[in-house]
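Contents: one structure, followed by commentary.
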Amino acid sequence: MLSLPTEAALPPIRFHAPHIPPATYDAVASALSSKHLRSGGSYSRKAKALVSQHVGHDRVFLTNSCTSALEISALALDLGPEDEVIVPSYTFCATATAFARKGARIVLADIDPATMMVTPETLEARLTSRTRAVVVVHYGGAAAPMAAIKDLCDRHGVVILEDAAQAFGAKQDGRAVGTCGLFAAYSFHETKIISAGHGGALVLNSDNSHLRERVEELLARGTNFPAFARGEVNHYEWTSVSSSFEMPDLNAALLYSQLVHSREILLKSRAIWAYYEKSLRDLPIEILRPGMGTKANGYSFAFLAKDRETTYRILQGAARMGLGLQSHYKPLHLSSFAGRILAGSCVGAENTWGRLVRLPVHMDLSTGDAARICEFLKAELG
């Protein structure tokens with residue numbers, strides 16, 4: 001008797017798989033043959049040019065991580081113990097750590113359950129006379145309501161810093177997400193939509209020459225080497241506390257090879273997102289959707305199940321079937337470190353984080369893979 005294959009016998013679906021275009025091998029070989037593997041090589045320049053083209057100006061600095069980009073912004077603003085920085089409670093811990101390391105007082109804000117991002121209302125509830133900056137996290141490749149947030153911050157004289165780790169390639173009101181705040185940070189980690197293996201970028205959305213020079217000094221490990229290289233001083237010296245933040249040229253070669261294929265990567269990611277949305281829209285779930293005027297990059301498709309028990313059941317069932325579904329992080333104010341920071345009630349985050357389910361979105365995902373996932377969810381929730 002013929003034995004038909006069972007669902008469990010099908011190959012497992014990875015939640016994420018890094019995309020490696022064929023051009024990557026040539027770029028890496030070229031970088032190796034140049035014998036310039038540290039920062040500042042030809043691929044660093046070419047990758048920076050493409051990120052600059054995306055944001056619309058050249059005040060872009062490649063870093064070894066998004067966390068480093070955020071740390072540079074904290075150092076450039078000279079934040080200290082008397083300064084409060086508002087951070088969403090629902091975010092990866094690095095968003096807060098970058099500013100806590102500088103000694104700033106971290107204040108956690110609630111999020112909108114429909115987007116898992118801060119709003120003007122949740123930020124305003126945490127504003128005090130000591131607030132120096134707010135960090136807006138653009139979750140899931142979409143964008144927070146930046147026009148309203150900018151209006152709020154401008155009225156209160158507060159600096160906006162954008163954690164756009166997940167949002168490279170996304171646009172809001174026709175402009176690149178990450179071009180509204182004074183600083184923005186992108187991630188090019190292996191798990192992101194565009195990858196350098198490990199890397200990031202800091203974007204300075206101001207033509208303030210002092211700030212630009214300050215960032216350059218910090219990238220030079222706290223020296224005035226950039227001025228020395230331009231012939232403005234006869235020697236270079238230690239000017240401030242910093243660290244090693246730059247992206248090596250070998251990683252920049254990986255990044256460049258993906259940036260030149262960014263259009264096709266974004267097209268597929270958005271197509272997968274649209275397939276999921278069309279297939280699952282009638283189920284009893286709350287799909288996280290981009291806000292008005294936002295063209296998300298398709299990095300993440302996520303929804304909220306009706307309760308935590310349902311989410312647990314879905315995730316356990318998907319794990320048995322090898323379908324690659326995941327949840328996400330615990331809100332910062334519920335973490336074991338929360339006693340050291342300022343956090344009031346964050347009801348939105350508390351009511352949603354345990355209900356979140358994320359579906360695989362990556363270049364190796366086939367239509368058949370996506371169909372398997374959707375059929376499983378329909379069987380579980382329909």
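Here is how the numbers come out for the structure above:
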{"read-out": "Segment 115-126, residues that are in a loop (DSSP other than H, G, I, E, B), among the aliphatic types (A, V, I, L, M) and in contact with a helix residue (DSSP H, G or I) (Cβ under 9 Å, 6 or more places away or on another chain)", "value": "Met116, Val118"}
{"read-out": "Identity of the residue in segment 232-252, of a type in the set (Val, Ile, Thr) and within 34 Å of the chain's Cα centre (by Cα), that ends up farthest from Ser195 (Cα to Cα)", "value": "Thr239"}
{"read-out": "Selection within segment 90-99 - open to solvent by 10 Å² or more (accessible area, probe 1.4 Å) and not in a loop (DSSP other than H, G, I, E, B)", "value": "Ala94, Ala96, Thr97"}
{"read-out": "Val87 being at pLDDT 90 or above and either open to solvent by less than 10 Å² (accessible area, probe 1.4 Å) or of a type in the set (Phe, Trp, Tyr) (or both)", "value": "yes"}
{"read-out": "Residue count for segment 358-382, restricted to those that are of a type in the set (Gly, Ala, Ser), in contact with a helix residue (DSSP H, G or I) (Cβ under 6 Å, 6 or more places away or on another chain) and open to solvent by 30 Å² or more (accessible area, probe 1.4 Å)", "value": "0"}
{"read-out": "Some residue of segment 279-297 being in contact with a Leu (Cβ under 8 Å, 6 or more places away or on another chain), closer than 30 Å to Ile106 by Cα and of a type in the set (Gly, Ala, Ser)", "value": "no"}
{"read-out": "Hits in segment 104-114 - residues which are open to solvent by 30 Å² or more (accessible area, probe 1.4 Å) and either free of Cβ contacts under 8 Å to residues at least 24 places away in the same chain or not in a strand (DSSP E or B) (or both)", "value": "Pro113, Ala114"}
{"read-out": "Whichever residue in segment 22-59 is in contact with a helix residue (DSSP H, G or I) (Cβ under 6 Å, 6 or more places away or on another chain) and closer than 23 Å to Ser269 by Cα and, among such residues, is modelled with the lowest pLDDT", "value": "Ala23"}
{"read-out": "Segment 132-153: number of residues that are charged (D, E, K, R) and crowded, with 18+ Cβ neighbours inside 10 Å", "value": "1"}
{"read-out": "Selection count, segment 256-265, where residues are farther than 11 Å from Ile193 by Cα and open to solvent by less than 40 Å² (accessible area, probe 1.4 Å)", "value": "1"}
{"read-out": "Any hit, segment 115-125, residues being touching a Leu at 6+ places or on another chain (Cβ under 7 Å), open to solvent by less than 10 Å² (accessible area, probe 1.4 Å) and under 20 Å from Lys150 (Cα atoms)", "value": "yes"}
{"read-out": "Qualifying residue in segment 271-290 (condition: surrounded by 14 or more Cβ atoms within 10 Å (Cβ to Cβ), among the small types (Gly, Ala, Ser) and farther than 17 Å from Leu359 by Cα)", "value": "no"}
{"read-out": "Residue under evaluation Ser129, criteria (1) part of a strand (DSSP E or B); (2) of a type in the set (Gly, Ala, Ser); (3) open to solvent by 10 Å² or more (accessible area, probe 1.4 Å), criterion not met", "value": "(1)"}
{"read-out": "Residues (over 17 Å from the mean Cα position of the chain (by Cα), modelled with pLDDT of 95 or more, aliphatic (A, V, I, L, M) and under 30 Å from Thr179 (Cα atoms)) located in segment 282-329", "value": "Ile287, Leu304"}
{"read-out": "Considering residues of segment 334-357 that are open to solvent by 20 Å² or more (accessible area, probe 1.4 Å) and touching an Asp or Glu at 6+ places or on another chain (Cβ under 8 Å) only, the residue modelled with the lowest pLDDT", "value": "Leu342"}
{"read-out": "Selection from segment 19-70 of residues that are hydrophobic (A, V, I, L, M, F, W, C), surrounded by 15 or more Cβ atoms within 10 Å (Cβ to Cβ) and farther than 25 Å from Ser243 by Cβ", "value": "Ile20, Ala27, Val28, Leu50"}
{"read-out": "Single unsatisfied condition, Lys330 versus (1) free of Cβ contacts under 8 Å to residues at least 60 places away in the same chain; (2) buried (at least 20 other Cβ atoms within 10 Å of the Cβ); (3) closer than 25 Å to Ala125 by Cα", "value": "(2)"}
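The values are calculated or read from the model by the stated rules, or taken from the named source; none is laboratory data. None of the values given here were measured: they were computed from a predicted structure. Heads up, the Cβs are rebuilt from the backbone with ideal geometry, glycines too, and the neighbour counts pull from every protein chain shown. All accessible areas refer to the heavy atoms of the entire protein, side chains included, with ligands and DNA or RNA removed. Shrake-Rupley method; radii C 1.70, N 1.55, O 1.52, S 1.80 Å.
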